[in-house]
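The values are calculated or read from the model by the stated rules, or taken from the named source; none is laboratory data. Bear in mind the structure is a predicted one, so any value in this text is a computation, not a measurement. For neighbour counting, all protein chains shown are included, and Cβ atoms are generated from backbone atoms with ideal geometry for every residue, glycine included.
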Amino acid sequence: MAIVGLVVTGFQFGGAAIANADDVVPSVPPGTEASASAPVPVKPDSPRLKLPQGGTLAAPKVLDLVEVVEDLGGEQRRQETNETVMMALQSEVLFPEDSAVFNAQAAARIQAIGNEINQSKATRIRVFGFTDDQGSYEHGKELSKQRADAVHNELAKTVTNPSVVFDVRGYSEDYPIADNGTEEGRKKNRRVEITFPRGAAG
């Protein structure tokens, strides 16, 4: 899947490259980029094709099949398309309130995701942090980036491919997946997402 935005800087961390692009805002929310083209041509002049007078066909495209699985508490959400796997972990599962330091159970969850990344032989991994809309935008951006960095650092201990590139960003309250008007929704929006290609093992 294409990575939206430009890689601004890169440096080595634990044998893996990391890309920071916090000042690059994607044109569409992460994970919703077009990734497939239409395999079947459509003939605009076909007599069985009915369009209103003056109507024209839009450019053809194939939508990804998306499967979403969320555990009962909503603490972990897995979203799969034809090409990618995205794991979203609620921040409360990983960190104490307003902190980017792991709690006791977090490392094992992240290591399990790292092992799956190894099986998929991924060469590019996105680690994106998000917050709810409480507090200032700038504080949310700093905290979401610190949390994404912490998850990246833990993944880098497990992911064995030395040529893998990490794209690590903090988005503050941008791209909510639930209603910030309720605590249940805000809890879902406080999250870290790890996205990687499905690969042959997917």
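Please state which one of LEU143, LEU155, LEU89 is out of contact with any Pro (no Cβ under 9 Å at 6 or more places or on another chain), crowded, with 16+ Cβ neighbours inside 10 Å, not basic (Lys, Arg) and not in a helix (DSSP H, G or I).
LEU89
Taking the stretch 170-186, which residues are touching a Ser or Thr at 6+ places or on another chain (Cβ under 8 Å) and not polar (S, T, N, Q)?
Correct list: GLY170, TYR171, GLU173.
So in the stretch 158-173, with the set limited to residues that are β-branched (Val, Ile, Thr) and surrounded by fewer than 20 Cβ atoms within 10 Å (Cβ to Cβ), which one is farthest from the chain's Cα centre (by Cα)?
THR160
Could you run through the stretch 127-140 and say how many residues are touching a Gly at 6+ places or on another chain (Cβ under 9 Å) and surrounded by fewer than 22 Cβ atoms within 10 Å (Cβ to Cβ)?
Number of matching residues: 3.
Of everything in the stretch 175-202, what is among the acidic types (Asp, Glu), closer than 20 Å to ARG78 by Cα and either in a helix (DSSP H, G or I) or in contact (Cβ under 8 Å) with a residue 12 or more places away in the chain (or both)? Give them in sequence order.
Listed by number, the residues that qualify are GLU184, GLU193.
Based on this model, can you work out whether ARG169 counts as in a strand (DSSP E or B), farther than 14 Å from MET87 by Cα and either touching a Lys or Arg at 6+ places or on another chain (Cβ under 8 Å) or charged (D, E, K, R) (or both)?
yes
Which one is modelled with the lowest pLDDT, of the residues in the stretch 92-122 that are of a type in the set (A, V, I, L, M, F, W, C), surrounded by 14 or more Cβ atoms within 10 Å (Cβ to Cβ) and in a loop (DSSP other than H, G, I, E, B)?
So the residue we want is PHE102.
Just to be sure, is GLU138 over 13 Å from the mean Cα position of the chain (by Cα), at pLDDT 95 or above, assigned to a helix (DSSP H, G or I) and over 22 Å from ARG109 (Cα atoms)?
Yes: the conditions hold for GLU138.
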